[in-house]
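**Student:** Would you mind keeping the following structure in view while I ask a few things?
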Amino acid sequence: MPKPRPFILLLIATTACVANAVAGEVPLPQEPAQQEAPPASFPGEWQLLHASIGVSAMHMQVLPGDFVLMFDRTDTGPSNISLAAMAPCAATADGGADCTAHSVLLDIRSNVLHPYPLATNPWCSSGALLPNGTLLQTGGFSNGDRVAHLFSPATGWVELPSFLAARRWYATDMILPDGRVLVLGGRRQFNFEFFPRDAAAAAAAAPALTFFPFLDETTELDAKDNLYPFLHLLPDGTVFVFANDRAVVFDPYNRAPLRRLPAVPGGVPRNYPSSGSSVLLPLCPGAPERAEVLVCGGAPRGAYHLALRNATFVPADRTCARIAPTDRDPAWAIEEMPMARVMGDMVLLPTGDVLIVNGAAAGTAGWELGRGPVTRPVLYRPDAELGARLEALAASGTPRMYHSLEAFLPPYMDARLDGARPRVLAAPGEVGYGLAAAVRFEVPAAAAGEVRVAAVAPAFATHSFGMNQRVVELAVGRVARLDVGVYEAEVAAPPTPGVAPPGYYMWFVVHAGVPSSAAWVRMRPLGPG
């Protein structure tokens with residue numbers, strides 16, 4: 001039985017981790033008094049979980065079993081948390097030994113931290129959760145730039161030396177429908193490769209890279225403004241790639257671009273170091289082939305140069321741009337946030353809304369060039385009318401910038417809503433594409449109302465982007481009442497691996513606008529595995 005989680009979100013100034021989702025809609029058998037969605041009077045709440053976790057949380061990944069892995073670069077000296085007594089120390093450049101941990105695992109249920117040794121440098125790297133639940137981490141800096149790592153709580157870090165065909169620093173990883181990982185870009189790398197390698201690449205002494213000219217076209221002198229490109233898998237298996245102020249869609253299997261999308265009006269760069277953020281909005285069961293992408297924030301062109309060379313910190317951008325790349329004639333719709341934001345994070349919530357959080361009001365990312373911490377998150381409601389989608393929430397009492405950690409409870413965590421909060425009693429451990437599955441849950445007898453069920457893929461979060469963050473609504477069929485307050489919903493698993501790539505998802509029940517804790521469910525890959 002899934003246990004309640006002590007918090008919903010981990011939030012840091014350049015990364016965010018999420019454990020939530022949304023889905024299909026069916027009325028439950030009615031019992032008295034349906035409770036409404038969270039009242040606007042509760043704007044969320046901030047909580048400090050640890051005074052110090054010992055490392056800077058530059059990179060984060062939620063893992064199956066309710067863990068969060070956090071790790072930092074290894075080349076700036078000892079961290080503030082020691083390794084376990086029997087753990088091996090890492091050699092330092094001056095011939096010494098570093099016996100501190102540069103990665104920690106947080107047990108969400110107990111709030112206990114566990115240090116793990118990490119030797120090669122993963123500074124500004126990328127990652128993805130593999131279909132078997134193991135984290136793949138790729139690249140980094142110096143002795144880590146061609147290294148891949150595998151991580152699980154049981155094994156710790158397993159290093160794959162010189163695995164990468166190119167140096168990867170500020171690249172992006174994305175899970176494909178066949179379970180492989182696309183590794184794209186990085187500083188001065190206008191190309192991509194795959195994990196695991198295909199047969200030809202595995203046999204080659206020097207695996208060939210596939211040139212990706214779009215990254216060459218979007219790079220700028222010094223500032224780049226196309227690092228950590230935003231990658232989103234579209235339901236037809238093609239890939240949306242956003243860099244600088246524009247996007248393309250390409251076919252990773254034929255290794256060819258398919259079409260260019262219009263540039264975002266205004267010409268504001270939105271990738272590192274002019275860091276905005278982006279999400280793929282929740283996919284709906286009624287139209288699983290249609291996808292929309294949201295990109296918010298950034299910094300005006302030239303802001304990085306002005307900050308670095310002149311100590312002039314230009315106000316950040318305050319716009320969001322939204323597009324449906326699967327439409328026949330896609331076009332960007334522009335709207336304004338309540339405040340400007342660079343280095344923000346976007347997190348998909350169980351209600352289907354988007355939390356925009358963290359960041360700075362001026363300057364850019366990189367080298368402490370941000371100014372004016374933005375302490376108030378913003379809630380974005382995708383289904384509201386244009387102009388009425390954005391609402392400011394509670395401010396943090398502690399201004400935070402780089403890699404600073406705090407938990408945020410969104411409005412649906414209001415204690416007054418506990419009478420409507422569902423609890424998952426049973427869910428499948430694994431399910432195949434398009435198959436029916438049963439989710440059993442309970443709600444207070446006096447609070448039965450509408451129910452939604454959905455799956456969310458946990459993100460690898462760093463530098464304002466949650467790689468592979470994804471919410472898929474599940475079609476809900478028959479809902480049977482088994483006992484007072486106890487129900488079983490028949491749901492349809494995602495129809496294809498283009499809609500939901502294979503691997504672990506968190507399934508949530510959302511009742512009357514109030515989400516449950518999650519149950520981990522694995523989408524079984526097609527074929528062996």
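**Student:** Tell me the Rg and the Dmax, in Å, that the Cα atoms of region 289-352 produce.
**Tutor:** When restricted to the Cα atoms of region 289-352, Rg and Dmax are 15.0, 48 Å.
**Student:** With contacts defined as alpha carbon pairs under 8 Å and 6 or more residues apart, what's the relative contact order of the chain in percent?
**Tutor:** Numbers: 1598 pairs, mean separation 113.9, N = 529.
Taking the mean separation of contacting Cα pairs over the length of the chain, I get 22 percent.
**Student:** Output needed for region 230-350: three equivalent-ellipsoid semi-axes, defined as square roots of 5 times the C-alpha gyration tensor eigenvalues, in descending order, whole Å. Please list the in-between numbers first.
**Tutor:** On the way: eigenvalues 152, 53, 28 Å².
Ellipsoid half-lengths, sorted descending, are 28, 16, 12 Å.
**Student:** If you rank 322, 188 by fewest surrounding Cβ atoms within 10 Å, what's the result? Don't skip to the answer; put the middle values down first.
**Tutor:** Numbers: 322 20, 188 14.
Fewest-to-most ranking of 322, 188: 188, 322.
**Student:** Then there is this: How many angstrom lie between the C-alpha centres of region 101-139 and region 344-373?
**Tutor:** Here the answer is 22 Å between Cα centres.
**Student:** Let me ask something additional. Using a/c under 1.5 as the rounded threshold, could you call region 88-180 rounded, prolate or oblate? The axes a ≥ b ≥ c are square roots of the C-alpha gyration tensor eigenvalues, and prolate needs a/b larger than b/c, oblate otherwise.
**Tutor:** On the way: a/c = 2.17, a/b = 1.09, b/c = 1.98.
Verdict is oblate for region 88-180.
**Student:** Can you put 523, 401 in order, fewest other beta carbons within 10 Å first? All intermediate terms of the calculation are to be shown ahead of the outcome.
**Tutor:** Working: 523 24, 401 20.
Result, fewest neighbours first: 401, 523.
**Student:** Enter the Cα centre distance for the pair region 470-493 and region 208-277, rounded to the nearest angstrom.
**Tutor:** After rounding, the separation between the Cα centres reads 38 Å.
**Student:** On to the next question. Could you please report the charge total around residue 153, scoring K, R as +1 and D, E as -1 over all other residues with beta-carbon less than 12 angstrom from its beta-carbon?
**Tutor:** Numbers: positive: none; negative: 66, 107.
For residues surrounding residue 153, the net value is -2.
**Student:** For the chain, compute the orientation-averaged projected area of the C-alpha convex hull (one quarter of its surface), in nm².
**Tutor:** Details: hull surface 95.0 nm².
Convex hull of Cα atoms, orientation-averaged projection: 23.7 nm².
**Student:** I would also like to ask the following. Around residue 353, with a cut-off of 10 angstrom between Cβ atoms, what is the net charge of the other residues, counting Lys and Arg +1 and Asp and Glu -1?
**Tutor:** Details: positive: 381, 389; negative: 383, 391.
So the surrounding residues net to 0.
**Student:** May I have the extent of the alpha carbons of region 391-529 along their three principal axes, as whole Å values ordered from largest to smallest?
**Tutor:** On the principal axes, region 391-529 reaches 47, 45, 22 Å in Cα extent.
**Student:** Would you kindly compute the Cα radius of gyration of region 425-506 and its largest Cα-Cα separation (Dmax), both in Å?
**Tutor:** Final numbers for Rg and Dmax: 14.7, 47 Å.
**Student:** Between residue 82 and residue 109, what length comes free when the chain is fully extended (0.36 nm per residue of separation minus the Cα-Cα distance, one decimal in nm)?
**Tutor:** 7.5 nm
**Student:** Ok, one more. Could you work out the Kirkwood radius for region 145-300, taking every pair of different alpha carbons, averaging 1/r and inverting it, reported in Å? Provide the component values of the computation, followed by the final result.
**Tutor:** On the way: mean 1/r = 0.0601 Å⁻¹.
That comes to 16.6 Å for region 145-300.
**Student:** Let me ask you something else. Could you calculate the contour length gain from residue 430 to residue 253, that is, 0.36 nm times the residue separation minus the distance between their Cα atoms, to one decimal place in nm? Intermediate results must be reported in sequence, preceding the final value.
**Tutor:** Details: separation 177, 0.36 × 177 = 63.72 nm, distance 2.68 nm.
Roughly 61.0 nm would be gained on extension.
**Student:** Take the Cα atoms of region 197-259, find their three principal axes, and give me the spread along each one in whole Å, biggest first.
**Tutor:** Here the Cα extents, ordered largest to smallest, are 37, 32, 16 Å.
**Student:** Sorted from fewest to most neighbouring beta carbons within 10 Å, what does the list 296, 89, 284, 124 look like?
**Tutor:** Values: 296 29, 89 13, 284 21, 124 25.
Going from least to most buried by this count: 89, 284, 124, 296.
**Student:** Just to confirm a number: summing +1 for Lys and Arg and -1 for Asp and Glu over residues other than residue 73 whose beta-carbon lies under 13 angstrom from that of residue 73, what do you get? Mind dumping the intermediate values first?
**Tutor:** Numbers: positive: none; negative: 72, 75, 98, 145.
Around residue 73, the charge tally is -4.
Values quoted throughout were computed directly from the atomic coordinates according to the rules given, and no laboratory measurement underlies them. These numbers come from a predicted model, not from an experiment. Cβ coordinates were reconstructed from backbone atoms using ideal geometry, including for glycine residues, and neighbour counts include every protein chain displayed.
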